[in-house]
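Here the structure comes first, spelled out in C-alpha cells, and everything after it is commentary.
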Amino acid sequence: MNLQFTLNGKPWSVDCEPADTLAEVLRNQLNLNGTKVSCEVQVCGACTVLVDNLPVSACTYLAYEARGKNLLTVEGLEKADGTLHPIQQAFIDDFAFQCGYCTPGMIMAAKSLLDENPNPSREEIIHHMDGNICRCTGYVPIVAAIQRAAGMIAKEKKQ
Amino acid sequence: MMPLRKFSIHQPSTVAEASQMLAQYGEKGRLYAGGTELLLAMKHDLLRYEHLVDVKTIPDLNRIELKNGALMIGGSATHRAIERSAIVKQSLPVLAEMETKVANIRVRACGTLGGNLCFAEPHSDPATLLTALGAKAHVQGKAGVRAIAMDKLITGAYETSLAGDELLVGVEIPVLAKNQRAAYLKFQLKERPTLGLALFLELDGDNIKKASAVVGSVSVSPTQSEQANRLLTGTRAQVEKQIGDAAEALANAADPVDDTEGGADYKRHLIGVFLRRAFVKALA
Ligand SMILES: Cc1cc2nc3c(=O)[nH]c(=O)nc-3n(C[C@H](O)[C@H](O)[C@H](O)COP(=O)(O)OP(=O)(O)OC[C@H]3O[C@@H](n4cnc5c(N)ncnc54)[C@H](O)[C@@H]3O)c2cc1C
Ligand code: FES
Ligand code: FES
C-alpha cells in the first residue's frame, strides 16, 4: 500500500502494510523516534501525534488513516533556526519532566489544546491532559508548563 | 512494539456495499471504524480478522442533524464531533456533556458512537444515557432497514442483536420536551467508568409523571427496573422519601459484578449515591 501525506510540513510517500500502525511507520521506517510507545492500548498517551490537528494514539492508529492528511510529531515543533517551540521551552523552564518518556506525548497533547484554546483554565488543562500519564512528575509542573507556554505564545503573537 | 497480524482493508462507498462485503467475508471480516476497540483486541490476538471493512469511507455516515424533534446521529460520528456539535449542544446538552467525559482526547477523536454501541463493551457511557432517553438504533443489512430500541440493541457483554451483515447506520434520539428533564453522571477511577447513571423525568407541574433510571457499567449491560421507575414518580417530596428504595430496586435488577473497576458491594452503594445526585441535577 502506498501512502502520501504531509509530515512536519514536508510531503512524504511511504510504502507499508495495511496492518502497520502509524507508530511503526514513524519509528521503524522514517526513523522518527521522538514518538514513544508504552502501553499500546490507547491509555497512556506517550505515542500522541497530531493528524489534521487532532491528537491520536499512534500506537494503535493505522498508518492507512494518515493518507492525504497533515501529520505533526514532536520533531516538527522547533523553528527553522532550531529554536524550541514555546511548549518545549516551557517544559524545560518548569522542570516538567524527569525520565522524559511521556514528554513528547504530553507536548503534542498540549499543542492540540493551545491551538484550540490559547488561554485555558487550570481545569481545562487537566481535563484535556487527563489521558496522558506521567509516572515521574506528579503532573503539577506539567500543568504549570502549559500555563507558561500559553503566556509565551500570547506574547509571541503580540510582537 | 506488538505488531498486528496481516489483514486487508476494504473501502465501501455505500451501506449496501459494506453489508455485502460483511456477508461475503463472514467470520473472517469485520467492520472497522475508529479502531479504538477492535485494533486493541486484535493486537492482543483476542480477535483475528483477515478483512476490515472501513465504514468511514461511506459518505455522510457521520452526519449529525435535527429532524422532526429527534437528533439523528450517524454511526460513524466520533465522540469528539458529537461533543462539539452546535446542534447537539443546543438541542440535547445532556448528550454533549456526557460525550466530553468519554475516554480520553485521543479515543474521542477517533472513536465513534457506532463502534461504542456495537462493541457492547460493558462500560459504555452512551449506551446508558441513550437507553434512558428512549433512543432507537437504525440498522441496515441484506434484509433491509429496521429500527431497534436501545434496550434491545445490547444483549450482553460484547453482544448485540445485529446480524452479521448489518451496520448501525445511525441513532435517533428524541430531544427533551419542555416538561422533560434528564441527567447523566458517572464515577470513574481508571480508564473505564465504574458506574454510569442516567435519569429521565417527565413532569406534570410539580408531579413526576414518568421516570426512567438506567444504571450502566456496573454489570454486563445497561439496566433499568420497572419497580424503581415507579418509585421515582409522584410528588418531589414523595420521591425523595422513596429514592432509597428505588436505588435498592435498581441495584437488585442490575446485580453488580466484581471487576477491575470496583467490587459489587461498592457499586451497589454508588447506585444509591448517584441516583440521589442525578435526581437533584435533573430537577435543578
Ligand atoms: C482507553 C479507553 C478508554 C475508554 N473509555 C471509555 C469511557 O469512559 N466511556 C465509554 O463509553 N467508552 C470508553 N471507551 C470505549 C470507546 O468509546 C470506544 O472505544 C469507541 O467509541 C469505539 O469506537 P470505534 O469507532 O473506535 O470502534 P471500532 O474499534 O472501530 O469498532 C468496534 C466494534 O464495533 C463494530 N462497529 C463499528 N462501527 C460499526 C457500525 N457502524 N455498525 C456496526 N458495527 C460497527 C466493529 O465491527 C467492532 O466490532 C474507551 C476506550 C479506550 C480504548
Ligand atoms: S502507547 Fe499509545 S496510548 Fe500508550
Ligand atoms: S517524566 Fe517520566 S513518565 Fe513523565
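The values are calculated or read from the model by the stated rules, or taken from the named source; none is laboratory data. The shown structure was predicted, so the numbers you read here are calculated from the model rather than taken from an experiment. Neighbour counts run over all protein chains shown; Cβ positions are idealised from the backbone, glycine included.
Numerical summary
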read-out	value
Strands (runs of 3 or more DSSP E) lying entirely in the stretch A:10-115 (those with 2 or more residues that are more than 16 Å from ligand 1 (Cβ to nearest atom))	A:10-15, A:48-51, A:70-72
Complete set of residues in the stretch B:163-175 that are within 11 Å of ligand 1 (Cβ to nearest atom) and assigned to a strand (DSSP E or B)	B:Leu167, B:Leu168, B:Val169, B:Gly170, B:Val171
Candidate set: the stretch A:116-147, residues that are touching a Ser or Thr at 6+ places or on another chain (Cβ under 9 Å) and within 16 Å of ligand 1 (Cβ to nearest atom); chosen: the one farthest from A:Ala46 (Cα to Cα)	A:His127
For A:Met108: the one exception among (1) touching a helix residue (DSSP H, G or I) at 6+ places or on another chain (Cβ under 8 Å); (2) crowded, with 21+ Cβ neighbours inside 10 Å; (3) over 20 Å from B:Glu191 (Cα atoms); (4) in the same structural domain as A:Ala19 (by TED's automatic domain parsing)	(4)
Single residue of the stretch A:89-105 satisfying the filter (within 16 Å of ligand 2 (Cβ to nearest atom) and farther than 28 Å from B:Arg84 by Cβ) that is surrounded by the fewest Cβ atoms within 10 Å (Cβ to Cβ)	A:Cys99
Matching entry among A:Pro18, A:Pro11 (being away from ligand 3 (no atom under 16 Å from the Cβ) and without any contact (Cβ under 8 Å) to a residue 24 or more places away in the chain)	A:Pro11
Verdict on A:Leu30 being surrounded by 20 or more Cβ atoms within 10 Å (Cβ to Cβ) and modelled with pLDDT of 95 or more	no
Residues of the stretch B:108-161 satisfying the condition of being at negative phi, touching a Phe, Trp or Tyr at 6+ places or on another chain (Cβ under 9 Å) and among the hydrophobic types (A, V, I, L, M, F, W, C)	B:Cys110, B:Phe119, B:Leu129, B:Ala132, B:Leu133
Count of the stretch A:126-159 residues which are assigned to a helix (DSSP H, G or I) and buried (at least 22 other Cβ atoms within 10 Å of the Cβ)	5
Qualifying positions in the stretch A:24-71 - at the interface with another protein chain (Cβ under 7 Å from one of its Cβ atoms) and under 17 Å from B:Lys6 (Cβ atoms)	A:Glu24, A:Thr60, A:Leu62, A:Tyr64
First in the stretch B:176-197 and in a loop (DSSP other than H, G, I, E, B), second anywhere and within 16 Å of ligand 2 (Cβ to nearest atom), Cβ under 6 Å, 6 or more apart	B:Glu191/A:Val43
Failed item, numbered, when B:Ala16 is tested on (1) facing chain A (nearest Cβ under 8 Å); (2) exposed (fewer than 15 other Cβ atoms within 10 Å of the Cβ)	(1)
Test: residue in the stretch B:234-246 that is crowded, with 22+ Cβ neighbours inside 10 Å and without any contact (Cβ under 8 Å) to a residue 60 or more places away in the chain	yes
Hey, B:Thr112 within 20 Å of A:Val56 (Cβ to Cβ), more than 16 Å from ligand 2 (Cβ to nearest atom), touching a residue at least 12 places away in the same chain (Cβ under 8 Å) and touching a strand residue (DSSP E or B) at 6+ places or on another chain (Cβ under 6 Å) or not	yes
Evaluation of B:Ala103 against (1) away from chain A (no Cβ under 14 Å); (2) within 16 Å of ligand 2 (Cβ to nearest atom); (3) among the aliphatic types (A, V, I, L, M) (one fails), failing number	(1)
Hits in the stretch B:198-250 - residues which are part of a helix (DSSP H, G or I) and acidic (Asp, Glu)	B:Glu226, B:Glu240, B:Asp245, B:Glu248
Number of the condition not met by A:Glu116 [criteria: (1) more than 14 Å from chain B (Cβ to nearest Cβ); (2) farther than 30 Å from B:Met42 by Cα]	(1)
Residue check, B:Leu189 more than 16 Å from ligand 2 (Cβ to nearest atom) and either over 20 Å from the mean Cα position of the chain (by Cα) or surrounded by 17 or more Cβ atoms within 10 Å (Cβ to Cβ) (or both)	no
Residue list for the stretch B:41-64, restricted to those being closer than 26 Å to B:Arg80 by Cα and not in a loop (DSSP other than H, G, I, E, B)	B:Ala41, B:Met42, B:Lys43, B:Leu52, B:Val53, B:Asp54, B:Val55, B:Lys56, B:Thr57, B:Ile64
